[in-house]
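Okay, so here's the structure we're looking at.
The values are calculated or read from the model by the stated rules, or taken from the named source; none is laboratory data. Keep in mind it's a predicted model, so treat the numbers as computed, not measured. Cβ atoms come from the backbone with ideal geometry, glycine included; neighbour counts cover every protein chain shown. These accessible areas exclude ligands, DNA and RNA; they are computed on the full protein's heavy atoms, side chains included. Shrake-Rupley method; radii C 1.70, N 1.55, O 1.52, S 1.80 Å.
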Amino acid sequence: MKSQQSKKTETKISFQTVGKYLRELSVVVIGVIITFAISFWVYNKNNEKDLKLYLNALKLELEDNIKIIDAETEYLENCERYSRYLLSHDKKSLNADSIQKMWKKFDVLNIKDVIVQTSAFDMFKLSGTMRLVDDKELLQSVWKAYSNLELLKIHLDNYYQLKMDEAKKERQMGLEGKPVVIPLYNFFITYTNDIKPSNGCIMLSKALKETVARLDKKL
């Protein structure tokens, strides 16, 4: 009799112990699940915040590049206008005073470096944040914008290099006692007139504005 009562007591204690352990375990498991859920939520929020920061940086950088390109477009259009002026006159009939006035007005003899901004895009690529962009069309638009920006820079650098080469050639002619009456005449009536470099700037500026609009909508 005593043995049966002892067994019942032990069984009761055993069930109580197991129940206690299960309750404690369930509290720990629930705590772990909540911790993971909160961590996951915080992780996603941080990713979302980081993505917006990078997309906003890209937007601002592209807007700066649009300003650079639009200024370049204005300058190149002046060069093309000057080119058309030269082509509309016989070289012998060109008036030196008129030529100088156009130089001052259009600054067509200027030779400069084309500097575009890409640091935000470089950081965007290196950060790994690109994987968070769910809009693949937007991502493609950004990549294309910066690729075309680099291509335009190469094209304009070549344009100014040709201009520099022609200027050096004419300078050497001057040192040899063969002064040039109209600087860069051959450059303007051939390369500038045939290529019309402003066209590429106009097209890219439009494309960049479309990308900026996409980024603005995403933000």
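Within the straight-line cut-off of under 15 Å between alpha carbons, the aspartates and glutamates reachable from K59 are D50, D122, E210, D216, sequence neighbours fewer than 8 places apart in one chain being disregarded. What the Cβ-Cβ distance of K52 and S147 gives, at R0 = 30 Å and to the nearest 0.05, is a FRET efficiency of 0.80. Between the listed residues N148, T73, M130, the Cα displaced farthest toward the positive end of the dipole of segment 69-176, a dipole computed from Cβ unit charges relative to the Cα centre, is found at T73. Computed about its Cα centre, the charge dipole of segment 63-219 is approximately 220 debye, with only Lys, Arg, Asp and Glu carrying charge at their Cβ. With each label modelled as a point 7 angstrom along the Cα→C-beta vector, the L175-E210 pair spans 4.9 nm. Per residue, the accessible area of segment 44-93 comes to 56 Å² when a 1.4 Å probe rolls over the protein heavy atoms. Backbone phi angles across segment 192-203, fed through the Karplus curve with coefficients 6.51, -1.76 and 1.60 (θ = phi - 60°), yield HN-Hα couplings of 4, 6, 6, 7, 6, x, 5, 4, x, 5, 4, 5 Hz in residue order; Gly and Pro are listed as x. Each residue, Q140 and K101, gets one label point 7 Å from its Cα in the Cβ direction; the gap between the two is 5.3 nm.
If R0 is taken as 45 Å, the Cβ-Cβ distance between T17 and K218 corresponds to a FRET efficiency of 0.20. Sorting the segments 75-85, 169-179 by their residues' average number of neighbouring beta-carbon atoms within 10 angstrom, most packed first, yields 75-85, 169-179.
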